[in-house]
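Each remark here refers to the structure printed beneath this line.
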Amino acid sequence: MTSPAAPAAHPPNRVLFALIAAVFAGASAAIFTRLAQAEGAPSLLIAAFRLTLSALILTPIALTRHRREIADLLSPTRRADLGWAAFSALLMALHFSTWITSLEYTSVLIGTVLVTSSPLWTGVFESVFFRLRLSRGIIFGLLAGLAGNLVLTLSGSNGSGGSNMALGGALALIAAVAIALQRTFSRPLRQRLSLVPFLWLLFGLGGLALIVVLVFTQTPVTGFSPMGYFWMVMVTLFPQLIAHSAFNYALRYMPATHVSMLIQVQPIFSTAAAYLIFDEQPSLGQLAGGTIIVVGVFVAMLWHARDSARSGAAAAR
């Protein structure tokens, strides 16, 4: 596997707007998932549903506008790319199945906070596999995000804390590592493949893998209330198609570590929604942790932008 190409010092404005939309859409994932679970929908079904339906929605576009690009992946010179797509899809399937299941055992706050520790793991994986040098700004952001996540986690919850915090936390951490690996290993493929076929492959292959798991575990897929299916559709449209599509779109222009850092802001909005909907009241410690995350992300982005501008000016001399 080749290293990803160096990103542009200043990503296009459309990338930044896409990332902002992704943060808000992604923050709804835990809320819609918990509402679907409240209607009796199994966690594995929710994970398989959101991936499979996303792939089906993208299928007409993928097969009409990108048919040649997809067919090219079957050529001997591109089969390695197809293999990396399958590997990334399995990691995505693992991410969704473990994270959604974690919400059965822990609160929205804790599950979301732990799963958004993925930037720490992404930074480690990019450094190890791609030897990508992390700037001081990014390191600061990662440390601030980790500190904020730690404060949030240790602060506990005044609302529903979940039936098994240890199991829920462990599943959320596994989900964080899985999505960090997916972003790290799929970025070179994303740079060689258009967005729609890239997402279609990841969602489709990941959904197929989870369908196999559903069959093997004999998980029921019918017999639930209309609202249960409605919330699964909402999970598909907003967190999956908008958030994940935007984050993967940004991978063509920015390193996975930078993209992942913005995801650390999501627990702030998820916590606010959980307070309004599930009465999960945040403590002062949780508010402090959220503030650390937000400040850390924006300071890191400003720091990184300044370093990029200085590097560009020095290279132009």
Filter the range 214-244 for residues that are touching a residue at least 60 places away in the same chain (Cβ under 8 Å) and small (Gly, Ala, Ser); the one that is surrounded by the most Cβ atoms within 10 Å (Cβ to Cβ) is Ala243
Verdict on Ala48 being among the aliphatic types (A, V, I, L, M), crowded, with 21+ Cβ neighbours inside 10 Å, at pLDDT below 95 and under 20 Å from the mean Cα position of the chain (by Cα): no
Can you work out which of the residues in the range 52-80 that are touching a residue at least 12 places away in the same chain (Cβ under 8 Å) and not in a helix (DSSP H, G or I) is nearest to Leu237 (Cα to Cα)? His66
Evaluate the following for Thr77: is it crowded, with 21+ Cβ neighbours inside 10 Å, farther than 17 Å from Ser194 by Cα and not small (Gly, Ala, Ser)? no
Please work out if His258 is part of a helix (DSSP H, G or I), modelled with pLDDT under 75 and buried (at least 18 other Cβ atoms within 10 Å of the Cβ). yes
Is there a residue being touching a residue at least 40 places away in the same chain (Cβ under 8 Å) and closer than 24 Å to Gly204 by Cα anywhere in the range 265-272? no
Could you say whether any residue in the range 170-185 is more than 30 Å from Arg68 (Cα to Cα), outside any helix (DSSP H, G or I) and of a type outside the set (D, E, K, R)? no
Could you look through the range 149-199, keep only residues that are of a type in the set (S, T, N, Q) and touching a Leu at 6+ places or on another chain (Cβ under 9 Å), and pick out the one that is modelled with the lowest pLDDT? Ser157
Output the residue which, of all residues in the range 27-49 that are assigned to a helix (DSSP H, G or I) and of a type in the set (Gly, Ala, Ser), is nearest to Ala272 (Cα to Cα). Ala27
Selection status of Gly223, small (Gly, Ala, Ser) and part of a helix (DSSP H, G or I): no
Just give me the residues in the range 271-291 being among the hydroxyl-bearing types (Ser, Thr, Tyr) and surrounded by fewer than 24 Cβ atoms within 10 Å (Cβ to Cβ), in sequence order. Tyr275, Ser283, Thr291
Which is in a helix (DSSP H, G or I), in contact (Cβ under 8 Å) with a residue 12 or more places away in the chain and of a type outside the set (S, T, N, Q), of Phe17, Phe24? Phe24
Is it the case that Leu143 is crowded, with 16+ Cβ neighbours inside 10 Å and on the phi < 0 side of the Ramachandran plot? no
Taking the options Tyr253, Tyr275, name whichever one is more than 23 Å from Leu109 (Cα to Cα), of a type in the set (Ser, Thr, Tyr) and either at pLDDT below 80 or more than 15 Å from the chain's Cα centre (by Cα) (or both). Tyr253
Any residue that is outside any loop (DSSP other than H, G, I, E, B), at pLDDT 95 or above and more than 17 Å from Gln182 (Cβ to Cβ) - is there at least one of those in the range 108-124? no
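The values are calculated or read from the model by the stated rules, or taken from the named source; none is laboratory data. Everything numeric here is computed off the predicted structure, so don't read it as measured data. Cβ sites come from the backbone with ideal geometry, for glycine too, and all protein chains shown count toward neighbours.
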